[in-house]
Amino acid sequence: MAAFVLVASGCALRSGLEMPEPAVPEQWENQLADSRAAVDTPAWWQGFGSDELNQLVARALSDNTDLQAAAARVLQAEGRLQQAGATLFPSLSLGGGASTSGTVGGGNGADSFRLNANASYELDLWGRLRTNRAIAEANLEASRFDRDSVRLTVLSGVAGTWLQSRYLDDRLTLARESLTLSEQVLELVEAKVRYGAVSPQDLAQQRTLVANQRAALPALRQQARETRYALAVLVGDTPQGFALDDGGLAGLTLPGVQPGLPVRVLAQRPDVGAALAGVMAADYGVAVARTAWWPSLTLTGSTGYASAALGDLFDGDAVYSLAASLSQLLFDGGATRGQNTVARAAWLEQVAGYQSVLLTALSEVEQSLGNINALDEQDVHRREALRQATRSFQIAEARYREGEIELTSVLDAQTSLISARQNALELRYNEMLARVTLYRVLGQGLAALPETS
């Protein structure tokens, strides 16, 4: 199983080292119904049914500073590839000069002028230069995969932060509604205290509850502001004046999942591709290190004109020189052997890193699928708990109004209702956030983006 196919140029050398790969499971342990996994959802964020989210994603892909930095790193890698490829061609240069010499106070001096062209070319006898270029190609691929990893992080970050903002809007709405409910109970208690039906202790208890609920509102508002500020940074905007539409999670659609296979998951994750590109680069590095034992041959040549007068520069015959130099290492005190050891150790490090990325990918997807399964199982029970808590509070309030029960029973029922509403809201939020996480660990979203270098 390979995450991508890296085609190196020409006759690049390979080390001949064999890379072990961990076995890929046939199916997920926490597979969804019908073995479903969302591996064919390019623009998955559109599944939430929000134009605002779609616009925020587009802004982030255009203006996010981390993405801009990652794109600049790709350009740097392209430049290094161009530099490495240039070594396969001769180096040509043109030079010239003028000078005069003589003795101080001794009259006229002697002038000289020259123009010459120089060429140098190293024969790639053992493929070292071509392999260096292949290393640069692998590093360029790795930088592109790293950029794609940043893209996935930005996509999931924008979606997750936006969902959190919506969730906090719902939290504020729920907190205000709970406060309104508590204030209504407080009015009932105050009326009973005026008529001597209950003790002032009931009034103090309910006032304490109302005060605590009022105190929670400023903290929720600050969380909502901080989330909005974080989202502004993600889309490359200033927090000051950055605004979002009002609304909670209720109007959003929960994205579905589609069939897929585990092997396709690993093929779509850019971190797996980057790790494999690193292994390829290190493999070429081992091959290049070996060529230090072998001789190198360099050809040089020059031709030009020289004259005592600038006007006569091209009147004489051109002078040329050709040379070939052969170099063979005999003894360097173990430096080359150490270089080969370093290269091989670097390859072993990259292989270990690649295996670690594969195992992490399998673990992350497995955990994400398991989380979705667990949330799906909770859904029915949370809904039932909310229905029963609502009914319990309605009954308790009515019985307290008739004087059949104490205030503590109403407070217990009210606390259960608030908790049930909060749990139902959190479940809805976590279900949506779990989809975002699943798409991220599956490497989803890159296919929907425009092609870049």
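Projecting label points 7 angstrom from Cα along Cα→Cβ for LEU299 and ALA204 puts them 10.3 nm apart.
Between the Cα long axis of helix 407-441 and the first principal axis of the chain there is an angle of about 20°, rounded to the nearest 10. Taking all protein chains as present, what is the carbon and sulfur share of the accessible area of the chain, in % to the nearest whole number, probe 1.4 Å? For the chain, the apolar C and S fraction of the accessible surface comes to 53 percent. Relative to the Cα centre, the charge distribution of the chain, modelled as +1 at Lys and Arg Cβ and -1 at Asp and Glu Cβ, gives a dipole magnitude of about 400 debye. Each of the peptides 55-67, 413-425 was scored by the mean count of other Cβ atoms within 10 Å over its residues; in descending order, highest first, they stand as 413-425, 55-67.
Restriction of the chymotrypsin sites (Phe, Trp or Tyr not before Pro) in the stretch 172-276 to DSSP coil positions whose beta-carbon has at most 14 other beta-carbons within 10 angstrom yields TYR195, PHE242. Under the simplified labelling scheme, the GLU183-ALA318 pair shows an inter-label distance of 9.6 nm, with each label point 7 Å from Cα along Cα→Cβ.
As a length-normalised measure over Cα pairs under 8 Å and 6 or more apart, the relative contact order of the chain settles at 28 percent. Stretched out straight at 0.36 nm per residue, the stretch from GLU226 to ASN373 would grow longer than its current Cα-Cα span by 49.8 nm. Name the residues whose placed amide hydrogens come within less than 5 Å of the amide hydrogen of GLN444, ignoring near sequence neighbours (fewer than 5 apart) on the same chain. Amide H neighbours of GLN444, under 5 Å, 5+ apart: none.
Only one of the values (i) -0.56; (ii) -0.61; (iii) -0.43 was calculated from this structure for log10 I(q)/I(0) by the Debye sum over Cα atoms at q = 0.07 Å⁻¹; name its label. Correct label is (ii).
The values are calculated or read from the model by the stated rules, or taken from the named source; none is laboratory data. Just so it is clear, the structure is predicted and the values come from calculations on it, not from any experiment. A quick note on method: Cβ atoms are made from the backbone with ideal geometry, for glycine too, and the neighbour counts reach across all protein chains shown. When the accessible area is computed, the model is the full protein with side chains, heavy atoms only, and any ligands, DNA or RNA have been set aside. Shrake-Rupley method; radii C 1.70, N 1.55, O 1.52, S 1.80 Å.
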